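Chemist: My questions all concern the structure below.
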Amino acid sequence: MHDLHTSFPELGKTNIPTAGARCVNLGEMTAAGFPVPPGFVLTTEAYDAFVEEYGLQQ
């Protein structure tokens, strides 16, 4: 995944480093058929780009 965002159904355990465990769990619940509200995830790549763009590094 090299996108700045993705949707829950596209997530699996291999995406934990870029999407986080909670979002991956929502993706797995969606894939299993549990009622999960539709949503999307901003990846760590998106966060890093935002921090760099606005000079927020510490």
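Chemist: Angle, helix 21-31 long axis vs. longest principal axis of the chain, Cα atoms, 0 to 90°, nearest 10?
Modeler: In the chain, helix 21-31 runs at an angle near 30 degrees to the longest axis.
Chemist: Follow-up. How big is region 5-53 by Rg and Dmax over its Cα atoms, in Å?
Modeler: My reading of the Cα-based Rg and Dmax gives 11.3, 38 Å.
Chemist: Give, as a single signed number, the net charge of other residues whose beta carbon lies under 15 Å from the beta carbon of residue 23, with Lys and Arg counted +1 and Asp and Glu -1.
Modeler: -2
Chemist: So which chymotrypsin sites (Phe, Trp or Tyr not before Pro) in the chain pass both tests, a DSSP loop state and at most 13 other Cβ atoms within 10 Å of the Cβ?
Modeler: Here the chymotrypsin sites (Phe, Trp or Tyr not before Pro) that fit, given the DSSP loop and packing criteria, are 54.
Chemist: Also, I was wondering about something else. Any idea which of 31, 49, 7 is furthest toward the positive side of the dipole for the chain, if Lys and Arg beta-carbons carry +1 and Asp and Glu beta-carbons -1?
Modeler: 31
Chemist: How many nm separate the modelled label positions at residue 54 and residue 5, each set 7 Å beyond the Cα in the direction of the Cβ?
Modeler: For residue 54 paired with residue 5, the spin-label model returns 1.6 nm.
Chemist: Mind putting a number on the dipole of the chain about its Cα centre? Charges go on the C-beta only, +1 for Lys and Arg and -1 for Asp and Glu, and I need it in Debye to the nearest 20.
Modeler: Using only the charged Cβ atoms, the result is roughly 300 debye.
Chemist: Any chance you could give the angle, 0 to 90 degrees and rounded to 10, that helix 44-53 forms with the longest Cα principal axis of the chain?
Modeler: The answer is roughly 20 degrees.
Chemist: Hey, what did region 5-53 get for relative contact order, percent, Cα under 8 Å, at least 6 apart?
Modeler: Contact order relative to length: 45 percent.
Values quoted throughout were computed directly from the atomic coordinates according to the rules given, and no laboratory measurement underlies them. Quick caveat: nothing in here was measured; it's all calculated off a predicted structure. Methodologically, a virtual Cβ is constructed for each residue, glycine included, from the backbone with ideal geometry; neighbour enumeration extends over all protein chains shown.
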